[in-house]
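Since the structure comes first, as structure tokens, the remarks are kept for the end.
The values are calculated or read from the model by the stated rules, or taken from the named source; none is laboratory data. Here the structure is a predicted model, which is why all the values come from computation and not from measurement. Positions of Cβ are generated from backbone atoms using ideal geometry, with glycine treated the same way; all protein chains shown enter the neighbour counts. Quick note on the areas: whole protein, heavy atoms, side chains included, nothing else; ligands and nucleic acids left out. Shrake-Rupley method; radii C 1.70, N 1.55, O 1.52, S 1.80 Å.
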Amino acid sequence: INAEYGGQADSGMLLDGLAPAFLLFLLPVCEGQMADPISEFSEPDVRDFFDAPGREPVRVSDVSTEEFEAILREGKPVVVTDAARDWKMNGWSCDSIREEFARHARSDHGDALPFLHYASNHGDGLRIANLRNDRWMAEQHPSGETGDDSPKLAPTYWGVKDGHPDSPTARAIRAATTLPYFLRRTPTNVHFVPHTPEFWFSVPGAGAKAHQDSHCQNTMSITLSGRKRWRLGPMPAVSTLATTPPLHDGSVNTTQWQPPYDFELGPGEGLFFPTGMVHETSNIGQHCSASVTFQFDFPVATRYLRAYLPRLLSAPNMQECRFQQQWATSSGVAFGRQVPRHESDHDALAAAGAMFDGYDSDADGRITRSELEGGLRAGLPGGKLEEVLLNSMGFHDPNGRGHFFRDGFVGEYTRWWAIQEWAAKARVQMWKYRKQRARLGCARCDSRRCVGALVDAEKWIRRELRVPGRDGDPKFGVPEGCAVLMEEYLELMSSTRMSESLDQNSADDHEFYRADRLTATDTDEFEDMGEPGVWAGEEEAEEEGEEEEGEEWGRRHDEM
């Protein structure tokens, strides 16, 4: 454990509830040896893996591609002070972007339109900007935030990427887009990055509320004008998935949030950070601040992904990354392939062993970089070969020895499979409960909240970890037909916990979220995109017309 995680691995948590029969995995301690079994859900202590609260990220300039990739693979954010060097966008401002591009955007031409964030009395919702009014960037709306360090005003957002790729403004912005000088020109970066531009415009005091993006790639944000304060850190550990809110804007209790990184960015400076990070921005200057954000796939922050796989694979608003296998294929855990559904732990172990043996050309129990490259070369073009090779070595050889062993590979593959399997089953269980609650009329939910006597009882159960019924317990007035769901809710909490018992859930995790937010049981933005329904034999899935096939994660794959 010390060799792979620098002495940062926690221990003592056992997989339970919906977990498959394969409960324990083995991590390599050093070359050719094995550690004692620990839980799939073990993660390094955030205080050790990242910096103490309020620190600055690493700041570099004139950085080489190799130096940049080494920092990002660790999962640490990095500021490149000359990121906009030789950029056509360098020096753009709120006014210039409005006059040259945004004012010409038209929805009937396929363009995405700018909109005002949090433009309601509750600090939620959005409103399309009136582009005929030249003052649309200067409008001020409360963000709804209460934290001392959080932005009190809402920003304006222009998601150019959300329009048609051949719309006039999308083509114009793409023509002005170049990769930063240090970002490797892989096929994925060259073709993907120019299609992901998002512009943020903030009046003084405005900014994006703390949130976690749902995309599966790294993020780069380049400040074009003005000065911004950033706060950024990892999402908290998931204690009980059923009670965890999605980390959308406004979900974070910013009165308690103390992220590892707190820093400022000026014009031409760029911030680069891995997927899944919670982040917040504020314009601390005297004039409108403009920035542009892109997503990029390479390099993958492999050490970070390995370390915090349990919370990332189970994060409610990042489920698309799991069931569409985007992280699995990009990370290199299975050499660019998906980690498919296996029927048992025996099948998963066998598949992992067979895959390793297929690349171990001299059958000595370890794969060198040259062996992996030789095995991948037959099925991948040159540019894609480089991506898969470097990500796979980064994932399985985090210390840069130039090789990795069979036991270590099998352990990481089966760990990924076990967490993936658990998260899929947990999500189906939450979906079943949500459907049953709605079918019986036990709760009324919209995009912001759920209400009803049963919902009030659920909040009490989350706090007390038992069903009400003793003398002195509150009377919630739950209708008779809904009362049975209180026991089911407690069982749902137990079966979706990621600690040994419910009473071991961290109070700090609960303080991280605002108390009035929807939980993963209440809402699932990816419900119509696939699973639930992948698990055969569900009557609810058949009644809802869900298909048991049709998503990448449930498909059968040939295995080496």
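In this entry, F335 is excluded by the filter for residues that are open to solvent by less than 10 Å² (accessible area, probe 1.4 Å), touching a strand residue (DSSP E or B) at 6+ places or on another chain (Cβ under 9 Å) and part of a loop (DSSP other than H, G, I, E, B). Evaluated against (1) out of contact with any Lys or Arg (no Cβ under 9 Å at 6 or more places or on another chain); (2) without any contact (Cβ under 8 Å) to a residue 60 or more places away in the chain, L454 falls short on exactly one condition, (1).
From the list H191, H195, pick out the single residue that is within 24 Å of the chain's Cα centre (by Cα) and free of Cβ contacts under 8 Å to residues at least 12 places away in the same chain. Unique residue meeting the criteria: H191. Of all the residues in segment 439-460, those that are surrounded by fewer than 18 Cβ atoms within 10 Å (Cβ to Cβ), in a helix (DSSP H, G or I) and under 28 Å from the mean Cα position of the chain (by Cα) number 1. One residue alone among Q436, Q429, Q420 is under 29 Å from the mean Cα position of the chain (by Cα), in a helix (DSSP H, G or I) and surrounded by fewer than 20 Cβ atoms within 10 Å (Cβ to Cβ), and that residue is Q436.
Residues that are open to solvent by 60 Å² or more (accessible area, probe 1.4 Å), within 30 Å of V252 (Cα to Cα) and of a type outside the set (S, T, N, Q) within segment 137-180 comprise P142, D148, D149, K152, K161, D162, listed in sequence order. If you take the residues of segment 376-388 that are part of a helix (DSSP H, G or I) and free of Cβ contacts under 8 Å to residues at least 40 places away in the same chain, which of them is farthest from G358 (Cα to Cα)? For segment 376-388, the residue satisfying everything is G382. Taken over segment 276-332, the residue count meeting the criterion of being open to solvent by 20 Å² or more (accessible area, probe 1.4 Å), in a helix (DSSP H, G or I) and charged (D, E, K, R) is 2. Say we look at segment 46-69 and pick out the residues that are in a loop (DSSP other than H, G, I, E, B) and either modelled with pLDDT under 90 or β-branched (V, I, T) (or both); which of these is least open to solvent (accessible area, probe 1.4 Å)? Per the stated criteria, the residue is V63.
Considered as a group, the residues in segment 500-534 that are surrounded by 20 or more Cβ atoms within 10 Å (Cβ to Cβ) and of a type in the set (S, T, N, Q) include one that is modelled with the lowest pLDDT, and that residue is N505. Among the residues of segment 94-106, some residue qualifies, meaning at least one is free of Cβ contacts under 8 Å to residues at least 24 places away in the same chain, open to solvent by less than 50 Å² (accessible area, probe 1.4 Å), not in a loop (DSSP other than H, G, I, E, B) and not charged (D, E, K, R). Of all residues in segment 107-123, those satisfying the criterion of being out of contact with any helix residue (DSSP H, G or I) (no Cβ under 8 Å at 6 or more places or on another chain), open to solvent by 20 Å² or more (accessible area, probe 1.4 Å) and not in a helix (DSSP H, G or I) are F115, H117, A119, S120, N121, H122.
Only one of the numbered conditions (1) assigned to a loop (DSSP other than H, G, I, E, B); (2) of a type outside the set (K, R); (3) more than 19 Å from A307 (Cα to Cα); (4) open to solvent by less than 10 Å² (accessible area, probe 1.4 Å) is not met by E343, and that is (4).
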